[in-house]
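Encoded as structure tokens, the structure appears first; notes follow it.
The values are calculated or read from the model by the stated rules, or taken from the named source; none is laboratory data. Predicted model only: the values in this text are computed from it and were never measured. Methodologically, a virtual Cβ is constructed for each residue, glycine included, from the backbone with ideal geometry; neighbour enumeration extends over all protein chains shown. Keep in mind that these areas ignore ligands, DNA and RNA; they rest on the heavy atoms of the full protein, side chains included. Shrake-Rupley method; radii C 1.70, N 1.55, O 1.52, S 1.80 Å.
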Amino acid sequence: MSGRLAAEYQGLEVKVPNLFRCPISLDVMRSPVSLCTGVTYDRTSIQRWLDSGNNTCPATMVPLPSTDLVPNLTLRRLIALWASTAAPSSSSPEPSAVGPTPAAAAAELLRRVGNPGVDPCPALRKLAAFLSDDDVDEFDKNAFARAGGAVETVASVLRRASNYNKESGIEAAEAAVRVLAAIAASDCIEEENKRRVAAALAVDASSSVAALARVLRSGSGVESRIDAARLVESLLRNAAPSVGVTVAESEDLLSQLIRLVSPEKEGGGLDPRAVSAGLACLSAVAATRRARAEMVRLGAVPAAVRALACDAGPPAQALLVLEAAVGCAEGRAAVCEAADRAVPAVVAKMMKGGMGGAEAAVSVLWAVCHRYRDRRAVDAAAACDGGLTRLLLLMQSGCKPATRQMASELLKIFKVNAKSCLAGYESKTTHIMPF
């Protein structure tokens, strides 16, 4: 074959700097990492070398005192910059045989999403698959999320999906939610890029909230509803306080979040992932005081109690929702109304949700049993086995001074007997009482 490329392939010729090639695979590095010897390799190639039992640097054959892999961020940025300028041009919108970089392919999909005359769903599904694929380097994912107009374009699809007919509208909204949630809830996405999602949704918060409520209400499956809840949480935690007011004023959204935590059918099972996403979102909503009474009216208290009783979702999140609920009169009334179920559930999970959950549990019990001294709550607390032991253990831990004071005031409520002191806490450890 001639040393010169045929005319049909000349436009595809790309000269790759040797510095960008992995010494093992000789391909352009997608995730460059350095060994302690200072030599940089592609993560996949060097990991395969080490997993094969080798304990030397492939390029220098020097024994490795450490096999730690340190990301070479400077080289990654240089490769990304080179890739964005050296991608071969082609009149065809489809990827060529040589193929653009993953980020360039994602940019092409984004162009299709932004085309008002094209159905955005196929491109959105491919973007969601791109962002969820473990084989795609996190640098490429962050490059897409960082690209100007990327998350804004997808957020606009979510908002305008209500203009489509019912079936295609919910399909487009679900596809957009899946892409945005893959950015907002992924561990490999940088915090700055996650905040971009919240900022894009906050541009028109009312329309975004209405669209997310629609997905929560009419989504085709639990996955899309979980993704929508995660976006609401991201919006609340990263956007301006005024957005929290918008969410608090959306009865539709709040009711759908509560339905995600506790389905309307009492006999139905609870999906732990759905419960976790819903409770995390409700605890974020509860940071807005005006939302608390509305949450209680819509059934947040029995939903959180049921999640605690059924061991569905992290206990700390349910306890935080109850702590926010007892901050208003309606919430305290709801907890006391169901004291025979709520108080034992709170006591039982006091030491199961970390320090934050334990402190929230004490706050709930102190509010209904000590500060407002509701007889139903006091009787239910006194009848709980192990309550005294849990309070003593918490007081001996590194809890906040305010929590320690509340716990000491609750001690007199719990019955002091051998059973509650010694057998109530689920542990094989022998605890020595301080008195």
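Worth a mention:
- Residues that are assigned to a helix (DSSP H, G or I) and either farther than 20 Å from V296 by Cβ or small (G, A, S) (or both), drawn from the stretch 332-343: A333, A334, A339, A342
- Inclusion of S208 among residues that are open to solvent by less than 40 Å² (accessible area, probe 1.4 Å) and within 22 Å of V285 (Cα to Cα) is warranted.
- With respect to (1) open to solvent by less than 10 Å² (accessible area, probe 1.4 Å); (2) assigned to a helix (DSSP H, G or I), the lone exception for M350 is condition (2).
- Single residue of V177, V261 found to be under 16 Å from the mean Cα position of the chain (by Cα), of a type outside the set (G, A, S) and under 23 Å from A106 (Cα atoms): V177
- Matching residues in the stretch 16-47 - criterion: being more than 36 Å from the chain's Cα centre (by Cα), open to solvent by 70 Å² or more (accessible area, probe 1.4 Å) and touching a residue at least 40 places away in the same chain (Cβ under 8 Å): L19
- Of the residues making up the stretch 222-265, those that are surrounded by fewer than 20 Cβ atoms within 10 Å (Cβ to Cβ), outside any helix (DSSP H, G or I) and of a type in the set (G, A, S) number 1.
- In the stretch 71-89 there is at least one residue that is surrounded by 13 or more Cβ atoms within 10 Å (Cβ to Cβ), in a loop (DSSP other than H, G, I, E, B) and at pLDDT below 70.
- Members of the stretch 382-422 found to be within 37 Å of the chain's Cα centre (by Cα) and at pLDDT below 50, listed by number: none
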